[in-house]
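Since the structure comes first, as structure tokens, the remarks are kept for the end.
The values are calculated or read from the model by the stated rules, or taken from the named source; none is laboratory data. Note that the structure is a prediction, hence the values are computed from the model and not measured. Heads up, the Cβs are rebuilt from the backbone with ideal geometry, glycines too, and the neighbour counts pull from every protein chain shown.
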Amino acid sequence: MNPNAPRPLHSIAVAEIDDSDRTYAIRADCEPPPELVRSIQAVGVLSPPRIESMAGGRYRVISGFRRLKVARLAGIESVDCLVFPPGKESTRFLEAVHENLGTRRFTDLECGEILLKLLESFGRSKNELLQTFLPLLGLKAEPRVLERLLRLARMPSVLKTALENWRSDLVLRAAGWSEPEQRLLESLGRRYRIGHSRQKEVVSLFVELRAARRAAGERAELQTIWEDSGAASVDLDSRIPQPERLERIVRALRMARYPLLSAQLAKAADRKRSLKIPGGLRLDLPRHLEGSRIQFQGSFGSPDELRRLAGELTRISEQAELRELFELL
Amino acid sequence: MKHYRPQKIFLEHSVAELAVSRRVLRRLPGLPVEMIESSEELLDAATRSRPSATGAKRALVLARHKGAFFKPCPASQTRGGERNVCCNYFVVNYASNCHMQCSYCYLQSYLNFPHLVVYANSDDLLSELDEVFRARPGSFFRVGTGELADSLALDPLTGYGKLLVEFFASRRNAVLEFKTKTDCVDGLLGLRHGGRTVVSWSINPRFIQQREEHGTATIEERLSAAERCVDAGYRVAFHLDPLIYYPEWERGYRSLVDEIFDRIPADSIPWISVGVLRMTSPLKDVIRDRFPASLIHLGETVAAPDGKQRYIKALRLELYHKVVGWIRHRAAPTTGLYACMERPEVWSRVFSRPIPTDEQVGNEVTSSWQSA
């Protein structure tokens, strides 16, 4: 008989399960998603957690940490579980990894936590991680990938939790920042809804501004950059609605990093306004003014409308502001 | 400058008896030599272990180059559907990688192996060139050796300079260019070059050399090497590339241009190129990591349509207009002046002329040879 085979499904009292034992946990923290909370509150735990029996009639969790946490919070007294006898810890951990792998894609941080645990708690070598476990997780078997993920997992847990919704490449970049700088980023993430591309822009601007100030021999802490760019005062201005405030913060940082380009773009926008482009016609300058051609788009619903638009185009072509726009390209 | 001396040599069996290998070994007596079957495995392993960019170059690999040596300069290729104005240049690579540490060097993100490699099968290189030049007698080829390595940094060890100078001396439809940041010209001085070799220097103001071009010859050393080449009858060229923005750039570049023309006769300079700093985004990240205080980070750079990070156009134009103006003021009328890898619309504005083809630029640069 297989000693690892589970005993039949058992209804186990939630109080007897020690979910503070994180030996097999993939993540250091385990905030359950709201969908899971709603589901368990409505119909209970449908998919049985895997638990391991321990001395003293207690159990520890192999997989299902979040399900059990929600059950506990929802006041559910017992849950049907697959109960395993005490076994080799590294084998049990891998079972947990495999079970999760079958149902979802791990985040970079989770991959990092798995690899770190295999390395530091379960004695696997870096070579094994490279050859066996990176491919298992669907990653390239490259040392730089391994090092990046291990660095991510080694970050302070406060930062890992705080920047959970940030792109992992940006979190890694922030890992080398000072604590007050990390707090600044964390507070931004907490107070504004920042999409991934905006996250990238904000972090890039910070990184660029810091590099430029270092090159100029100036103070390069992000707090100084935050203050000097004017972003801090926009941030404190509660009269501005939140989404607009974020937009203005980014604009302030952009102007600090690209003063000349910002001035050129402002000039271009001014000239474009002066052209009084009619509705139905759109005029686009090349990105960052790199390029020599201006694009226009228009639509019309009748030959008469086209004639009117053509007249407008002729008028625009004769304006001095259009020539000035070309001088900016 | 401190010349390159490796700490170890990896020697491919198949090139052990070739003249270049024998010469390198003679020049480096007592150095540990490890025989290897193939450099590919070694370079692969070295790439995987990713040693520090400086540390790994302590090993020199003598290997056989298996593909073609001769090819058009990659700068002329279309990128992202965009094409820059180029100068119809060709390259031969007899070495890869560089022991010097210029902060802006594209090799940092381009080469994925960390050793210095010299391709010792020089006979294959010369016969390939011979074939190309004979097959197209009506074409004129300007050929450089400084794409993946400094042209002369390894010359005291390899003697490649002599082989190439003597080979090009008798060619009617080609001219050779050595592009360097070193002062390693001694091996060239007594050679019969037939006016078919140009020795050129990548050059920047002293301030930039000191801050950004680590381990290279000083500007004084480079100019004095150029003077020695002129004395030996060579024509010499200069590449003010990359032009780097910094607060004192106008004074720096103006003095540099003056210094070049104060010391080198204008009619000894067949061409001068300028090129504003450009880099891929991954290279920008590497520079930030390796050289956090570099002046490269000062200017406003944005992604251009070819995907490269460049200074914004207004800044590029200002740099070009000023520097090109100073050069024109001092250069001989026969000196070819061009911008390297620049966007067509910028090229056209800088030189106040319609956008030329690569061939036109190439022909203008080499006109003195073609009309001879």
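Taking the stated definitions as given, is B:Asp155 over 14 Å from B:Val230 (Cα atoms) and charged (D, E, K, R)? So that I can check it myself, show each step before the final result.
Values: over 14 Å from B:Val230 (Cα atoms): yes; charged (D, E, K, R): yes.
The answer is yes for B:Asp155.
What's the number of the condition A:Glu181 fails, among (1) under 26 Å from A:Pro33 (Cα atoms); (2) surrounded by 14 or more Cβ atoms within 10 Å (Cβ to Cβ)?
A:Glu181 satisfies every listed condition except (1).
Determine which single condition B:Glu213 fails, assuming it passes every other condition in (1) surrounded by fewer than 17 Cβ atoms within 10 Å (Cβ to Cβ); (2) acidic (Asp, Glu); (3) within 17 Å of B:Ala153 (Cβ to Cβ).
For B:Glu213, the exception is condition (1).
Would you tally the residues in the stretch A:210-237 being surrounded by fewer than 19 Cβ atoms within 10 Å (Cβ to Cβ) and either within 14 Å of another protein chain (Cβ to nearest Cβ) or part of a loop (DSSP other than H, G, I, E, B) (or both)?
Kept after step one, since they are surrounded by fewer than 19 Cβ atoms within 10 Å (Cβ to Cβ), are these residues of the stretch A:210-237: A:214, A:216-221, A:223-224, A:227-228, A:230, A:232-233, A:236-237.
Then keep just the ones that are either within 14 Å of another protein chain (Cβ to nearest Cβ) or part of a loop (DSSP other than H, G, I, E, B) (or both); that gives A:214, A:216-221, A:230, A:237.
Total satisfying the criteria: 9.
Evaluate the stretch B:329-344: report whether one residue or more is assigned to a helix (DSSP H, G or I) and polar (S, T, N, Q). Give the derivation first.
Applying the first criterion (assigned to a helix (DSSP H, G or I)) to the stretch B:329-344 yields B:329-330, B:344.
Then drop every residue that is not polar (S, T, N, Q), which leaves none.
No; the residues of the stretch B:329-344 include none that is assigned to a helix (DSSP H, G or I) and polar (S, T, N, Q).
Looking at the stretch A:189-205, can you tell me whether even one residue there is more than 14 Å from every other protein chain (Cβ to nearest Cβ), hydrophobic (A, V, I, L, M, F, W, C), assigned to a helix (DSSP H, G or I) and within 30 Å of A:Asn127 (Cα to Cα)? Spell out how you get there, then give the answer.
We begin by selecting, within the stretch A:189-205, every residue more than 14 Å from every other protein chain (Cβ to nearest Cβ); these are A:189-199, A:202.
Still in the list and also hydrophobic (A, V, I, L, M, F, W, C): A:194, A:202.
Adding the requirement that they be assigned to a helix (DSSP H, G or I) leaves A:202.
If we keep only those that are within 30 Å of A:Asn127 (Cα to Cα) too, we end up with none.
There is no residue in the stretch A:189-205 that is more than 14 Å from every other protein chain (Cβ to nearest Cβ), hydrophobic (A, V, I, L, M, F, W, C), assigned to a helix (DSSP H, G or I) and within 30 Å of A:Asn127 (Cα to Cα).
Output the residues belonging to the stretch B:304-334 that are facing chain A (nearest Cβ under 10 Å) and over 24 Å from the mean Cα position of the chain (by Cα).
Correct list: B:Pro305, B:Ile312, B:Lys313, B:Ala314, B:Leu315, B:Glu318.
If you take the residues in the stretch B:347-364 that are out of contact with any Phe, Trp or Tyr (no Cβ under 9 Å at 6 or more places or on another chain) and within 14 Å of another protein chain (Cβ to nearest Cβ), which one is farthest from B:Trp249 (Cα to Cα)?
Out of the qualifying residues, it is B:Pro354.
Where residues in the stretch B:89-140 are assigned to a helix (DSSP H, G or I) and hydrophobic (A, V, I, L, M, F, W, C), which of them is nearest to the chain's Cα centre (by Cα)? Write out each step before concluding.
Residues of the stretch B:89-140 assigned to a helix (DSSP H, G or I): B:107-110, B:122-135.
With the extra rule that they be hydrophobic (A, V, I, L, M, F, W, C), the set shrinks to B:107, B:125-126, B:129, B:132-133, B:135.
Values: B:Leu107: 11, B:Leu125: 18, B:Leu126: 20, B:Leu129: 19, B:Val132: 22, B:Phe133: 22, B:Ala135: 26 Å.
Filtering the stretch B:89-140 for residues that are assigned to a helix (DSSP H, G or I) and hydrophobic (A, V, I, L, M, F, W, C), the one nearest to the chain's Cα centre (by Cα) comes out as B:Leu107.
Could you tell me how many of the residues in the stretch B:252-301 are free of Cβ contacts under 8 Å to residues at least 40 places away in the same chain and either more than 14 Å from chain A (Cβ to nearest Cβ) or of a type in the set (Lys, Arg) (or both)?
5
Being in a loop (DSSP other than H, G, I, E, B), surrounded by fewer than 20 Cβ atoms within 10 Å (Cβ to Cβ) and among the aliphatic types (A, V, I, L, M) is the filter here; which residues of the stretch B:165-202 pass it?
B:Leu191
Among the residues of the stretch B:259-277, is any crowded, with 20+ Cβ neighbours inside 10 Å and among the acidic types (Asp, Glu)?
No: zero hits.
Could you identify the single residue in B:Cys102, B:Cys86 that is in contact with a helix residue (DSSP H, G or I) (Cβ under 8 Å, 6 or more places away or on another chain), at pLDDT 95 or above and within 24 Å of B:Pro242 (Cβ to Cβ)? Full working, then the answer.
Values: B:Cys86 fails: at pLDDT 95 or above.
Criteria check complete, one pass: B:Cys102.
Can you tell me how many residues in the stretch A:73-112 are touching a residue at least 40 places away in the same chain (Cβ under 8 Å), farther than 27 Å from A:Gly44 by Cα, of a type in the set (Gly, Ala, Ser) and assigned to a helix (DSSP H, G or I)?
1
State which residue is nearest to the other protein chains (Cβ to nearest Cβ) when the search covers only the stretch A:279-294 and only residues that are modelled with pLDDT under 90 and surrounded by 14 or more Cβ atoms within 10 Å (Cβ to Cβ).
A:Ser292
Can you name every residue in the stretch B:15-51 that is of a type in the set (Val, Ile, Thr) and modelled with pLDDT of 90 or more?
Of the stretch B:15-51, the ones of a type in the set (Val, Ile, Thr) are B:15, B:20, B:24, B:33, B:36, B:47.
Passing the criteria: B:Val15, B:Val20, B:Val24, B:Val33, B:Ile36.
Inspect the stretch A:268-276 for any residue being at pLDDT below 95, away from chain B (no Cβ under 14 Å) and in contact with a strand residue (DSSP E or B) (Cβ under 6 Å, 6 or more places away or on another chain) and give the result as yes or no.
no
Mind listing whichever residues of the stretch A:51-72 are in contact with an Asp or Glu (Cβ under 7 Å, 6 or more places away or on another chain), outside any helix (DSSP H, G or I) and touching a residue at least 40 places away in the same chain (Cβ under 8 Å)?
Hits for the stretch A:51-72 are A:Arg58, A:Tyr59, A:Arg60, A:Val61.
Of the numbered conditions (1) in contact with a Cys (Cβ under 9 Å, 6 or more places away or on another chain); (2) of a type in the set (Gly, Ala, Ser); (3) modelled with pLDDT of 90 or more, A:Gly112 fails exactly one; give the number of that condition.
Tallying (1) in contact with a Cys (Cβ under 9 Å, 6 or more places away or on another chain); (2) of a type in the set (Gly, Ala, Ser); (3) modelled with pLDDT of 90 or more, A:Gly112 fails exactly one: (1).
Which of the numbered conditions does B:Pro344 fail, given that it passes all the others? Conditions: (1) more than 15 Å from A:Leu260 (Cβ to Cβ); (2) facing chain A (nearest Cβ under 9 Å); (3) free of Cβ contacts under 8 Å to residues at least 24 places away in the same chain; (4) surrounded by fewer than 17 Cβ atoms within 10 Å (Cβ to Cβ).
(3) is the only condition that B:Pro344 fails.
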